[in-house]
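Enquirer: Before anything else, here's the structure in question.
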Amino acid sequence: MLGILAGPGVGEALVGAAVTEELVLDTPFGSPSSHVRIVRVGESRVAVLARHGDENDIPPSRVPSRANVYALKQVGVTHVLAFDEVRSLRDEIRPGDLVIADQVIDRTTRRATTFFDEGISVHVEMARPYCESLRARALGTTGVSTRSVHPRGTYVCVEGPSWSTAAEAHMHRLVGGDILGQTAMPEARVAREAELCAALVCYVVADCEGWRVSTKVDATSVPDSKRENDRRVATGAAMALLAATAEDLHDHPPGSCSCHDALSRAVATSPGAIRPETRARYGVLLARFLAEVGEDR
């Protein structure tokens, strides 16, 4: 099943769709940001979770990423499309564009960064934080949009809730950042720990203010009407990509990929040494791995 971690705009549009089920879930990592709603996108059943809550009242530092990803895993999700509003750090990435991110620089400081924080030692590979197979699927559907779609980009994830200073924006550019956001981490890391295929679709709603030398950008230099139109165009393009990707996954079901057995190469603790209370805490996260090694009792 395809799962959606929805940001503003996309979440509102999907929650307004025809809901066939609404699941109230709890997890070992607390309650997720919202109920998990099963909606119809074309012929597909899609699980939707509003990352910032139904009222968009959960700030980035408080998003319960572990609970959100665990909840999607609980309901049978195998592939996750995460949607996120971002700001551009590059001239060629314009408001209204989409970026299918392929890399992340994590500059957050106050968030739980892993599921596996006690009772077991797990070290997942994160060199490629997003599933290349799912990214290719998403990119293959971008003919539905007339807007520019960037096939890769490095997302700089800052703590928030404020945006960067001009000096910080210059620094982010110097280290290779292309777009700036506040929610990609630890979301990508815990999705890999949950053995989910994940891709991040970023819709650019504004420039990151202050990094241009020749152009002064402030709250009054870009009319509100243009900002709103850019947001509407970007959200519409993201929704079109979502629908096309869901249809593609429905018509051509994917096989397994290395994301689906990420723990096979990551668990350092001997399976026999994993205590019953640890197995209970991690539940569906360890179920496949323990069955594979014959330790699922």
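Enquirer: Every residue in the stretch 238-275 that is over 30 Å from residue 44 (Cα atoms), among the hydrophobic types (A, V, I, L, M, F, W, C), in contact (Cβ under 8 Å) with a residue 24 or more places away in the chain and assigned to a helix (DSSP H, G or I), please.
Expert: Passing the criteria: none in range.
Enquirer: Give the residues of the stretch 173-194 that are in a helix (DSSP H, G or I) and either surrounded by 22 or more Cβ atoms within 10 Å (Cβ to Cβ) or acidic (Asp, Glu) (or both), sorted by residue number.
Expert: Across the stretch 173-194, the qualifying residues are 187, 188, 189, 190, 191, 192, 193.
Enquirer: Something else: Mind listing whichever residues of the stretch 31-53 are within 17 Å of the chain's Cα centre (by Cα) and in contact (Cβ under 8 Å) with a residue 24 or more places away in the chain?
Expert: The answer is 32, 33, 36, 46, 47, 48, 49, 50, 51, 52.
Enquirer: Hey, can you tell me all the residues within the stretch 151-172 that are in contact (Cβ under 8 Å) with a residue 24 or more places away in the chain, outside any helix (DSSP H, G or I) and surrounded by fewer than 21 Cβ atoms within 10 Å (Cβ to Cβ)?
Expert: Selection gives 151, 152, 154, 159, 160, 161, 163, 165.
Enquirer: While we're here: Within the group 44, 61, 65, 34, which residue is at pLDDT below 95, of a type in the set (Gly, Ala, Ser) and over 23 Å from residue 247 (Cβ atoms)?
Expert: After applying the criteria, what remains is 34.
Enquirer: What about residue 198, is it in a strand (DSSP E or B), under 20 Å from the mean Cα position of the chain (by Cα) and touching a residue at least 12 places away in the same chain (Cβ under 8 Å)?
Expert: Yes; evaluated as a whole, the condition is true for this residue.
Enquirer: Please tell me if residue 200 is in contact with a strand residue (DSSP E or B) (Cβ under 9 Å, 6 or more places away or on another chain), surrounded by fewer than 24 Cβ atoms within 10 Å (Cβ to Cβ) and at pLDDT 90 or above.
Expert: It is false that residue 200 is in contact with a strand residue (DSSP E or B) (Cβ under 9 Å, 6 or more places away or on another chain), surrounded by fewer than 24 Cβ atoms within 10 Å (Cβ to Cβ) and at pLDDT 90 or above.
Enquirer: Quick one: in the stretch 6-31, which of the residues that are modelled with pLDDT under 85, buried (at least 20 other Cβ atoms within 10 Å of the Cβ) and of a type in the set (Gly, Ala, Ser) is farthest from residue 82 (Cα to Cα)?
Expert: Ranking the candidates gives 9 first.
Enquirer: Moving on to the next point. Of the conditions (1) crowded, with 16+ Cβ neighbours inside 10 Å; (2) at pLDDT below 90, residue 148 satisfies every one except a single condition; which number is it?
Expert: Going through the list (1) crowded, with 16+ Cβ neighbours inside 10 Å; (2) at pLDDT below 90, residue 148 breaks only (1).
Enquirer: So which residues in the stretch 20-64 are among the acidic types (Asp, Glu) and either part of a strand (DSSP E or B) or closer than 18 Å to residue 115 by Cβ (or both)?
Expert: 21, 22, 26, listed by residue number.
Enquirer: Now for a separate question. Out of 8, 28, which single residue is in contact (Cβ under 8 Å) with a residue 40 or more places away in the chain and under 17 Å from residue 180 (Cβ atoms)?
Expert: 8
Enquirer: Further, regarding this structure: Would you confirm whether or not the stretch 252-275 contains a residue that is touching a Leu at 6+ places or on another chain (Cβ under 6 Å) and surrounded by 13 or more Cβ atoms within 10 Å (Cβ to Cβ)?
Expert: no
The values are calculated or read from the model by the stated rules, or taken from the named source; none is laboratory data. Please read all numbers here as calculations on a predicted model, not as lab measurements. With ideal geometry, Cβ positions are generated from the backbone for all residues, glycine too; neighbour counts draw on all protein chains shown.
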